[in-house]
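Only one structure is covered here, and it is reproduced in the block below.
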Amino acid sequence: MIRALALVLEPIIPCHQIQRPISWQEQFGRQAPLDVEVGFGLGEFLIRSARENPQRDYVGIEQNWERICKALESIAKIKGTAGPRALSNIRILKVDARLAFERLFHPESIEKVYCLFPCPWPKKAHVRHRLFSADFLRLLNSRLKPRGEVKILTDFLAFVQWIEGQIPDTGFQIRRETVKPRYDTKFERKWRREGQEEFSELTLMKERHSAVPLKEDVPLKAYEVKDFHPSRFRLKNQTGDISVIFKDMIFDSAQKRAMIHVVVAEQTLTQHFWIVVFEKERGWRICGADGQNLLPTEGLARALELVYEAAVNSMVNS
Ligand SMILES: C[S@@+](CC[C@H](N)C(=O)[O-])C[C@H]1O[C@@H](n2cnc3c(N)ncnc32)[C@H](O)[C@@H]1O
């Protein structure tokens, strides 16, 4: 049973636990052209592409766990009939696509990026949520190999025009075509049921390189303080590019150990971070609690620093 589950989950890459950026060569055990699908939904196109092109490797990025499970079921079914080596050219990342391209892919490593029916966020107030802003396009460009391509399919004309407006200074040239349904994904079928028989296909061709550096892990420090007074500990929330919001503190007086829960929000990432403060022979130590599945970011480093400052203040105010 456990073995069967492990096999089903095999395509998922535990990106929090392995070295970043990821060596896709190591993950796939070979050197092959690398394609990425963003927001693969139920995985129809990802799976079909991987079956039809066994000489290429495919990474699918999706945030929605329910959809990922359905894609994993489909992959497992195919492996069940075609053998366990089938579809060994697919890996899945369950993260925000922006974070994935910022941290998990080396510059100039990808040949093609696909995105079928990205959320168009049609309301004016929600436009800022759209992927494919100029910043995101520069990021994609930097991770693409020379002459790499991005293909975007959409049913929504205002979104096409918005993307076209983002293109200047991203290093891409854009081509727009009207195409008949041909991808057979859940959302293509949905729009066809509603009567749409033509879609816009955008091809973004890399002409110039846009350099966007990798976001690297930030080493998380441990702090020492002479004394710690939980009853006087006050952690002030910080908001801005990095927000650190204090949620809770649990103090075990017998063990002389505090667990502090903060939520850390950065541009593409929100993480729940538990920080532990415990008594040592001389003084108290402040560090991240063990066993958390987190990315060591600037935000987590800032949270530790704020807890340290608040711990120092808890002594000063005595
Ligand atoms: C409208 S659906 C399209 C799904 C699929 N491509 C299809 O054609 O049926 C958009 C998908 O993109 C995913 N998504 C949206 N924003 C994302 C992001 N920033 N990172 C990863 N996936 C994202 C959503 O979870 C959703 O499954």
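The values are calculated or read from the model by the stated rules, or taken from the named source; none is laboratory data. Being a predicted model, the structure only gives us computed values, none of them experimental. Backbone-built Cβ (ideal geometry, glycine too); neighbour counts: all protein chains shown. SASA here: full protein model, heavy atoms, side chains in, ligands and nucleic acids out. Shrake-Rupley method; radii C 1.70, N 1.55, O 1.52, S 1.80 Å.
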Could you check the stretch 244-318 for strands (runs of 3 or more DSSP E) lying wholly inside it with 1 or more residues that are touching a Cys at 6+ places or on another chain (Cβ under 7 Å) and not basic (K, R)? 269-279
Of (1) within 22 Å of A134 (Cβ to Cβ); (2) open to solvent by 90 Å² or more (accessible area, probe 1.4 Å); (3) assigned by TED's automatic domain parsing to the domain that holds L153, K180 satisfies every one except (1)
Does E102 satisfy being farther than 26 Å from A265 by Cβ and open to solvent by less than 70 Å² (accessible area, probe 1.4 Å)? no
Before we move on, is A86 assigned to a helix (DSSP H, G or I) and free of Cβ contacts under 8 Å to residues at least 60 places away in the same chain? no
When only residues in the stretch 71-114 that are touching an Asp or Glu at 6+ places or on another chain (Cβ under 7 Å) and within 10 Å of the ligand (Cβ to nearest atom) count, which is nearest to L9 (Cα to Cα)? K94
So which residues in the stretch 261-290 are open to solvent by 70 Å² or more (accessible area, probe 1.4 Å) and out of contact with any strand residue (DSSP E or B) (no Cβ under 9 Å at 6 or more places or on another chain)? Q267, E281
Does Q27 satisfy being assigned to a helix (DSSP H, G or I) and either free of Cβ contacts under 8 Å to residues at least 40 places away in the same chain or away from the ligand (no atom under 12 Å from the Cβ) (or both)? yes
